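To keep things clear, I will list the structure first and then write my remarks on it.
The values are calculated or read from the model by the stated rules, or taken from the named source; none is laboratory data. Treat the numbers as computed from the prediction; the structure is a model and nothing was measured. Every residue, glycine as well, gets a Cβ built from its backbone with ideal geometry; the counts of neighbours run over all protein chains shown.
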Amino acid sequence: MLHKSTFDFLRKLKKNNNREWFWANKKLYDDARYDFEVFIFELIQKLAEFDESVSGLEPKECMFRIYKDVRFSKDKTPYKTNFGAAINEGGRKMPYAGYYIHISPAECFIASGLYMPPPDKLLLVRNKIASKPNEFNKIVENNEFKKYFGRLWDGDTLKTVPKGFEKDHPMLKYLKLKSFIAEHMTSEEKALKKNYADTSAKVLKVLKPLNNFLNNL
């Protein structure tokens, strides 16, 4: 289970996002990161019960670094103020649809799917959705999917029809997506409950058919 001290560290980091404070409080970071690592280990075990592709993954293969790449960013603060992990076959660096968990005092959520695939893979996904609309609709119109996720995230969407597709295609709203992600928002209070790994796995299990669809192109 996650501990309040981890969220307290992230709160302090947000107020003191500079290298001097960070290194003076490195022990707090190490403890918080270890807490998140233990939680991710537990979550991997839960996910592996229904998805063998993540079996045997180590948390460090999934967890993102807290250090930011600020070379092309207007925000020059050096550290992220959240912990995140991508749990998919081969770990976070592999280009597969998988599971994601994000915790911070500002927001906590779990998600699944495929984020910003490269153009060649994006075209394969769009072609599959266009050619198998019933299969895809069965996933995103499922009652449990709607209960936990509502709909696919539409934060990255084309304003025009993607090249090669009809403007009146019945699946157009999905064909215009650049990412295929479903998110379930929660709270710090719920993330601190002892059974958060269990409840997260239960919710993410609903998205295994989406991952299967996106990975089997």
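Does segment 29-37 include one or more residues that are modelled with pLDDT of 95 or more and on the phi > 0 side of the Ramachandran plot? Taking every residue of segment 29-37 in turn, none turns out to be modelled with pLDDT of 95 or more and on the phi > 0 side of the Ramachandran plot.
Of all residues in segment 1-17, those that are farther than 17 Å from Ala85 by Cβ, touching a residue at least 12 places away in the same chain (Cβ under 8 Å) and assigned to a helix (DSSP H, G or I) total 6.
Listed residues Ala197, Ala182; which is closer than 26 Å to Cys108 by Cβ, assigned to a helix (DSSP H, G or I) and of a type in the set (Gly, Ala, Ser)? Before you say what the answer is, go through the steps one by one.
Working: Ala182 fails: assigned to a helix (DSSP H, G or I).
None of the others qualify; the one that does is Ala197.
Restricted to segment 200-217, and to residues there that are assigned to a loop (DSSP other than H, G, I, E, B) and at pLDDT 95 or above, the residue that is surrounded by the fewest Cβ atoms within 10 Å (Cβ to Cβ) is Asn216.
Condition first: among the acidic types (Asp, Glu) and free of Cβ contacts under 8 Å to residues at least 60 places away in the same chain. Now tell me which residues in segment 30-44 satisfy that. Even if it seems obvious, please write down each step before you answer.
From segment 30-44, those among the acidic types (Asp, Glu) are 30-31, 35, 37, 42; that's our starting set.
Residues satisfying the conditions are Asp30, Asp31, Asp35, Glu37.
If only one of Asn211, Asn143 is more than 17 Å from the chain's Cα centre (by Cα) and under 21 Å from Ile110 (Cβ atoms), which one is it? Talk me through it step by step, then tell me what you get.
Values: Asn211 fails: more than 17 Å from the chain's Cα centre (by Cα).
Result of the check over Asn211, Asn143: Asn143.
The single condition among (1) without any contact (Cβ under 8 Å) to a residue 12 or more places away in the chain; (2) among the aliphatic types (A, V, I, L, M); (3) closer than 26 Å to Ile40 by Cβ that Leu172 does not meet is (3).
Give me a count of the residues in segment 18-53 that are part of a loop (DSSP other than H, G, I, E, B), of a type outside the set (S, T, N, Q) and within 20 Å of Ile103 (Cβ to Cβ).
Of segment 18-53, the ones part of a loop (DSSP other than H, G, I, E, B) are 18, 25, 49-51.
Then keep just the ones that are of a type outside the set (S, T, N, Q); that gives 49-51.
With the extra rule that they be within 20 Å of Ile103 (Cβ to Cβ), the set shrinks to none.
Total satisfying the criteria: 0.
Of all residues in segment 7-46, exactly one satisfies the criterion of being of a type in the set (Gly, Ala, Ser) and under 25 Å from the mean Cα position of the chain (by Cα), namely Ala32.
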